[in-house]
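*Asks:* Structure below; questions to follow.
The values are calculated or read from the model by the stated rules, or taken from the named source; none is laboratory data. From a predicted model like this one, the values you see are computed outputs, not experimental measurements. All Cβ positions, glycine included, derive from the backbone under ideal geometry; neighbour counts span all protein chains shown. We work out accessible area using only protein heavy atoms, side chains counted, and drop any ligands, DNA or RNA first. Shrake-Rupley method; radii C 1.70, N 1.55, O 1.52, S 1.80 Å.
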Amino acid sequence: MQAQALLHLLQLSSPSLPIGAYSYSQGLEAAIENGTVKNEASARAWIVDSLQEVVARFEAPILWRLLQAFATRDATAVALWNERFIAARDTAEFRAETIQMGYSLGKLATDLNIGDPELKALLQAQVEVPLPTALAYAAVALNVPHDAVLLGMLFTWAENQVLVCVKSVPLGQVAGQRLLLSLQPELERAAQVAQELADDELSNWSPGLSLLSMQHEVQYSRLYRS
């Protein structure tokens, strides 16, 4: 990868990117509350299961398709996968999360004036913009290789999950970094799966996670918005 593309990827993957990712746990806080996640081993099991059953089989493959759609200026494909991703958010929290972060990243890209007019028109044509759509737009506009974007998205997701565990289980900083390091082979496999799945193989079927998200919506004490 060229240095410029790498630097763009690092910026898009940075926890300092002002889109509010730090304020969401994606159901993990509820799992900590009910005792499912209580130490380093159970935290790793939770993250790996979420990665393999949801992120690698639905969120990452849709990002992969959106990257290709923006790169080829395919308005029909952008609209299709944008709508399907939003429709698959099965709780109010999960839907609000992706729309808020997608809006923030889309606005940031607009304020930074990245992307040519044709590419901007594809993004602006969407009634609502979830995070994968905004990320795909920004990455294509900045000429970041698709496979690198996919790995960057997966690492950012895993890093955020680990940070939730460090703060809320709680785990120590060393344990958090050990956990993140151990997840690298899993992230590589997830990226490979995301690129290989056919359209009819995509699935985010995870009723347990959906129930936890709904419980979190009325959880008495919480730090995160999901």
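*Asks:* Between Glu128 and Ser42, how high is the FRET efficiency from 1/(1 + (r/R0)^6) when r is the Cβ-Cβ distance and R₀ = 30 Å? Nearest 0.05. Intermediate results must be reported in sequence, preceding the final value.
*Replies:* Values: r = 35 Å, r/R0 = 1.16.
So the FRET efficiency works out to roughly 0.30.
*Asks:* Right, next: Quick one: helix 184-196 against the long Cα principal axis of the chain, what's the angle to the nearest 10°, folded into 0 to 90?
*Replies:* Here the helix axis deviates by roughly 40 degrees.
*Asks:* Distance between Cα centroids, region 193-226 to region 122-178: provide it in whole Å.
*Replies:* Here the two parts' Cα centres lie 15 Å apart.
*Asks:* Quick one: compute the contact order of the chain, relative version, from alpha carbon pairs under 8 angstrom and 6+ residues apart, as a percent.
*Replies:* 39
*Asks:* In percent, what relative contact order does region 154-226 have, based on Cα pairs under 8 Å that are 6 or more apart in sequence?
*Replies:* Values: 20 pairs, mean separation 17.4, N = 73.
This gives 24 percent for region 154-226.
*Asks:* Whole-Hz Karplus ³J(HN,Hα) for region 163-176, in order, using 6.51 cos²θ - 1.76 cosθ + 1.60 and θ = phi - 60°, x for Gly and Pro?
*Replies:* 5, 4, 5, 4, 7, 10, 5, x, 10, x, 4, 5, 4, x
*Asks:* For the chain, with all protein chains present and a 1.4 Å probe, just round the carbon and sulfur fraction of the accessible area to a whole percent.
*Replies:* Details: 6210 of 11020 Å².
Roughly 56 percent, rounded to a whole number.
*Asks:* Another question, if that's okay. If you bin every alpha carbon distance in region 1-75 into 5 Å steps from zero, what whole percent lands in each bin?
*Replies:* Distribution as computed: 3, 12, 12, 17, 22, 16, 10, 5, 3, 0 percent.
*Asks:* Now a separate question. Evaluate the relative contact order of region 87-199 (contact order divided by residue number), counting alpha-carbon pairs under 8 angstrom at least 6 apart; express in whole percent.
*Replies:* Numbers: 71 pairs, mean separation 24.4, N = 113.
Computed value for region 87-199: 22 percent relative contact order.
*Asks:* In degrees, nearest 10, range 0 to 90: what is the angle between the Cα axis of helix 92-111 and the longest Cα principal axis of the chain?
*Replies:* 40
*Asks:* Further question on the same structure: By how many nm would the segment from Asn34 to Arg189 lengthen if fully extended, with 0.36 nm per residue of separation less the alpha-carbon distance?
*Replies:* Between Asn34 and Arg189, full extension yields 52.9 nm more.
*Asks:* With only alpha-carbon pairs counted, each pair once and no self-pairs, how large is the Kirkwood hydrodynamic radius of the chain in angstroms?
*Replies:* Taking every pair of different Cα atoms in the chain, averaging 1/r and inverting gives 17.7 Å.
*Asks:* Return one whole number: the accessible area per residue of region 160-215 in Å², for a 1.4 Å probe. Please list the in-between numbers first.
*Replies:* Working: 3100 Å² over 56 residues.
Ligands and nucleic acids excluded, the result is 55 Å² per residue.
*Asks:* Further, regarding this structure: Extension gain Ala198-Phe155, at 0.36 nm per residue separation less the Cα-Cα distance, in nm?
*Replies:* Working: separation 43, 0.36 × 43 = 15.48 nm, distance 2.29 nm.
That pair, Ala198 and Phe155, stretches by 13.2 nm at full extension.
*Asks:* Right, next: Using a Förster radius of 45 Å, what is the FRET efficiency between Gln68 and Tyr220 based on their Cβ-Cβ separation? Nearest 0.05, please. Can you show the working numbers first?
*Replies:* Details: r = 44 Å, r/R0 = 0.97.
The calculated FRET efficiency here is 0.55.
*Asks:* A follow-up question, please. Two decimals is fine: what's Rg over Rh for region 129-205, C-alpha atoms, Kirkwood radius as Rh?
*Replies:* Numbers: Rg = 14.7 Å, Rh = 14.2 Å.
In region 129-205, Rg relative to Rh is 1.03.
*Asks:* Also: Any idea how far apart Gln52 and Lys167 come out in nm if each label point goes 7 Å out from Cα toward Cβ?
*Replies:* Result: 2.8 nm between the two label points.
*Asks:* For the chain, give the magnitude of the charge dipole about the Cα centre (Cβ charges: +1 Lys/Arg, -1 Asp/Glu; no others), in debye to the nearest 20. List each step's numbers first, then the result.
*Replies:* Working: 15 positive and 24 negative charges, 103 e Å.
I would put it at about 500 debye.
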